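**Student:** Questions regarding the structure given below will be posed in turn.
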Amino acid sequence: MGRGYVISVDAMGGDFGPSVTIPGVDLVLSRHPNMRVLLYGDEATIRQEAADYPRVLQRAEIRHAEVAVSMDEKPSQALRKGRRVSSMWLALEAVRDGEAAVMVSAGNTGALMAMSIFVLKTMPGIKRPAIAALWPNLRGRSVVLDVGATIGADAEQLVDFAIMGEAMARTLLGMERPSVGLLNVGVEEVKGVEYVREAGRMLREADLPIRYEGFVEGNDIAAGTVDVFVTEGFTGNIALKTAEGTARQVGQALRQYIGESLIARIGAFLARSAFRKLKARLDPSANNGGVFLGLNGLVVKSHGGATAEGFASAIEIAVDMAKSNLVEKIAADLAVKQALLDLPAEKA
């Protein structure tokens with residue numbers, strides 16, 4: 001089987017470990033008959049959970065790992081404890097060594113980022129990777145980055161994020177020339193903090209091969225004003241969790257109000273098709289999976305509290321990534337940036 005169809009999975013990651021990751025893997029295997037999975041974790045625990053999923057036992061290779069990184073460990077502690085022996089580390093090594101095209105984990109985000117940098121290294125010129133998320137909006141979906149990896153990015157990092165996010169939109173969303181915007185407190189060039197204004201100037205003046213549309217605001221994310229929204233990790237993470245919380249609030253409020261009267265229940269029954277589509281659009285599980293960009297390899301981070309369906313969605317993103325040659329496309333785009341801006345590449 002080709003390398004592009006092999007996914008490595010940290011089976012022990014997340015709030016629920018194999019009780020979610022194994023049925024999630026089974027769901028994806030049912031949809032992709034030519035895909036193979038490498039499962040890393042405690043072999044006895046994995047086999048016990050997989051006993052109800054014969055497809056997993058038949059088509060996934062279980063590789064024992066002595067250590068599972070807990071969700072509350074600090075990255076430095078996780079590195080000391082899990083280096084070369086944890087399910088997270090070994091699953092990353094499978095990508096580094098060419099056994100798998102992409103790694104998926106629902107584990108500790110900080111630990112996963114730290115281990116990813118140690119194992120896969122950052123691409124030339126990249127100071128720190130970004131986490132990119134696919135975000136539902138009124139027009140379809142957008143790429144938003146960074147949603148939690150880099151707190152307080154500088155102007156050059158935001159330019160790198162723009163380049164990487166644009167490449168991801170072309171690859172995963174099938175857009176020939178996606179539009180890019182910088183998230184700001186206003187669309188005027190004089191607004192915002194210095195590093196955002198400087199990033200905007202660089203993107204306007206560098207003649208990069210991306211379609212930069214200027215500054216965008218928070219309400220533009222839901223509207224889908226551009227295809228790629230660029231910000232630093234602190235702001236992006238707050239925006240992501242605010243949107244997820246709002247989606248849950250809308251769902252709970254609808255259920256509450258529908259149940260208050262017979263007329264409302266009848267109306268909900270008549271509009272059930274529209275409600276199903278709304279639920280599918282806003283369901284965080286359907287859009288689960290943050291992509292680590294800027295590494296010499298592909299990593300997808302699932303929410304720690306994801307359901308089996310949510311974890312399957314993260315693997316589906318990984319499958320798309322495995323077929324995309326995204327790392328090579330980003331490397332080529334970053335090389336163009338280095339040439340145009342005359343910025344010497346830092347050693348990874």
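The values are calculated or read from the model by the stated rules, or taken from the named source; none is laboratory data. Everything quoted here is computed from the prediction, not taken from an experiment. Using ideal geometry, Cβ is built from the backbone for each residue, glycine included, and neighbour counts are taken over all protein chains shown.
**Student:** Only one of these conditions is not met by Arg177: (1) within 20 Å of the chain's Cα centre (by Cα); (2) surrounded by fewer than 20 Cβ atoms within 10 Å (Cβ to Cβ); (3) in a loop (DSSP other than H, G, I, E, B). Which number is it?
**Tutor:** (1)
**Student:** Give the residues of region 237-289 that are within 28 Å of Ala130 (Cα to Cα), at pLDDT 75 or above and of a type in the set (A, V, I, L, M), sorted by residue number.
**Tutor:** Ile238, Ala239, Leu240, Ala243
**Student:** How about region 45-104: which of its residues are assigned to a strand (DSSP E or B), surrounded by fewer than 23 Cβ atoms within 10 Å (Cβ to Cβ), modelled with pLDDT of 95 or more and in contact with a helix residue (DSSP H, G or I) (Cβ under 6 Å, 6 or more places away or on another chain)?
**Tutor:** Result: Ile62, His64.
**Student:** Also, quick follow-up: Does Thr235 satisfy the condition of being touching a residue at least 24 places away in the same chain (Cβ under 8 Å), surrounded by 12 or more Cβ atoms within 10 Å (Cβ to Cβ), out of contact with any Gly (no Cβ under 7 Å at 6 or more places or on another chain) and not hydrophobic (A, V, I, L, M, F, W, C)?
**Tutor:** yes
**Student:** Using the structure shown, decide if Arg36 is surrounded by fewer than 20 Cβ atoms within 10 Å (Cβ to Cβ) and on the phi > 0 side of the Ramachandran plot.
**Tutor:** So Arg36 fails the test.
**Student:** Condition (residue is out of contact with any Ser or Thr (no Cβ under 8 Å at 6 or more places or on another chain) and acidic (Asp, Glu)) applied to region 294-314: is it met by at least one residue?
**Tutor:** No, every residue in region 294-314 fails to be out of contact with any Ser or Thr (no Cβ under 8 Å at 6 or more places or on another chain) and acidic (Asp, Glu).
**Student:** Kindly list, by first and then second residue, each pair from a residue in region 66-91 that is within 15 Å of Thr45 (Cβ to Cβ) to a residue that is among the β-branched types (Val, Ile, Thr) and assigned to a strand (DSSP E or B), limited to pairs with Cβ atoms under 6 Å and residues at least 6 apart or on different chains.
**Tutor:** These pairs meet every condition: Ser86/Val67.
Results for (1) more than 21 Å from the chain's Cα centre (by Cα); (2) farther than 30 Å from Arg84 by Cα, shown as yes or no for each residue.
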position	(1), (2)
Pro129	no, no
Val143	no, yes
Gly152	no, yes
Glu156	yes, yes
Glu189	yes, yes
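**Student:** Please determine, by comparing only the residues of region 223-232 that are assigned to a loop (DSSP other than H, G, I, E, B) and touching a Gly at 6+ places or on another chain (Cβ under 8 Å), which one is nearest to Gly181 (Cα to Cα).
**Tutor:** Val226
**Student:** Moving on to the next point. Any idea how many residues of region 146-164 are surrounded by 24 or more Cβ atoms within 10 Å (Cβ to Cβ) and either aromatic (Phe, Trp, Tyr) or within 14 Å of Val196 (Cα to Cα) (or both)?
**Tutor:** Counting residues in region 146-164 that are surrounded by 24 or more Cβ atoms within 10 Å (Cβ to Cβ) and either aromatic (Phe, Trp, Tyr) or within 14 Å of Val196 (Cα to Cα) (or both) gives 7.
**Student:** Restricting to region 288-339, what's the tally of residues that are within 22 Å of Leu208 (Cα to Cα) and within 14 Å of the chain's Cα centre (by Cα)?
**Tutor:** Final tally of qualifying residues: 4.
**Student:** Could you count how many residues in region 117-140 are in a loop (DSSP other than H, G, I, E, B) and either in contact with a Cys (Cβ under 8 Å, 6 or more places away or on another chain) or more than 15 Å from Ala167 (Cβ to Cβ) (or both)?
**Tutor:** 6
**Student:** For region 72-104, give me each residue that is within 16 Å of Leu295 (Cα to Cα) and among the acidic types (Asp, Glu).
**Tutor:** Once the filter is applied, which keeps residues that are within 16 Å of Leu295 (Cα to Cα) and among the acidic types (Asp, Glu), region 72-104 yields Glu93, Asp97.
**Student:** Return only the number of the condition from (1) in a loop (DSSP other than H, G, I, E, B); (2) touching a Phe, Trp or Tyr at 6+ places or on another chain (Cβ under 7 Å); (3) among the polar types (S, T, N, Q) that Thr150 does not satisfy.
**Tutor:** Result: Thr150 passes all but (2).
**Student:** Scan Ser116, Ser142 and give me the residue that is buried (at least 22 other Cβ atoms within 10 Å of the Cβ), at pLDDT 90 or above, under 16 Å from Val300 (Cα atoms) and not basic (Lys, Arg).
**Tutor:** On inspection, the qualifying residue turns out to be Ser116.
**Student:** Exactly one of these conditions fails for Gly110: (1) under 17 Å from the mean Cα position of the chain (by Cα); (2) not aliphatic (A, V, I, L, M); (3) not in a helix (DSSP H, G or I). Give me its number.
**Tutor:** Every listed condition holds for Gly110 apart from (3).
**Student:** Among the residues of region 15-52, write down those that are under 25 Å from Val327 (Cβ atoms) and of a type outside the set (D, E, K, R).
**Tutor:** Those that are under 25 Å from Val327 (Cβ atoms) and of a type outside the set (D, E, K, R): Thr21, Gly24, Val25, Val28, Leu29, His32, Asn34, Met35, Val37, Leu38, Leu39, Tyr40.
**Student:** Related question: Within region 202-222, does at least one residue satisfy the condition of being out of contact with any strand residue (DSSP E or B) (no Cβ under 9 Å at 6 or more places or on another chain), of a type outside the set (S, T, N, Q), in a helix (DSSP H, G or I) and in contact (Cβ under 8 Å) with a residue 12 or more places away in the chain?
**Tutor:** Checking region 202-222: at least one residue is out of contact with any strand residue (DSSP E or B) (no Cβ under 9 Å at 6 or more places or on another chain), of a type outside the set (S, T, N, Q), in a helix (DSSP H, G or I) and in contact (Cβ under 8 Å) with a residue 12 or more places away in the chain.
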